[in-house]
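Read through the structure below, which is laid out as structure tokens, and then see the notes.
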């Protein structure tokens, strides 16, 4: 067999000049936070790995507020209440579409849905119906670490460093 045939049959290899040397068949290790993200006491985090570009947080909230799901064990469509949504994070994918994270408040997961949660813990994706035509989002337990909360004013650049703080002023400037 020639060298070109061997290269075609091999999986894709990646080489970076400054990267540490690894064994040829080893993959980079990523920490899996799915056990933490599936605990109702610390707050459940779900992930929709693929959503279209036009999907915004208000639409995600309206769908997950009282979603119609395909039950993972019975396959029946039913309306459920998953719990109190704490926040929604949206990440833009490399292809321009979106990855959506739905974070539920700690201790506010609806306990009547433990069967659904157990099915998701075992690796089954939850199908959440998004419209009347039967389109759905495959939803899984997030494997990423739940990021800390931030406030919009923390993102603004060039703002006065005394925002939100009490500052004494001279009478000349008051």
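Any read-out appearing in this document is the output of simple, stated calculations on the displayed coordinates, not a laboratory observation. Keep in mind the model is a prediction, meaning the values are calculated, not measured. Using ideal geometry, Cβ is built from the backbone for each residue, glycine included, and neighbour counts are taken over all protein chains shown.
Observations on the structure shown:
- Considering only residues in segment 83-129 that are touching a helix residue (DSSP H, G or I) at 6+ places or on another chain (Cβ under 6 Å) and surrounded by 19 or more Cβ atoms within 10 Å (Cβ to Cβ), the one that is nearest to residue 40 (Cα to Cα) turns out to be 102.
- Cβ pairs under 6 Å, 6+ apart, first in segment 93-115 and without any contact (Cβ under 8 Å) to a residue 40 or more places away in the chain, second loosely packed, with under 14 Cβ neighbours inside 10 Å and not in a strand (DSSP E or B): 110/81
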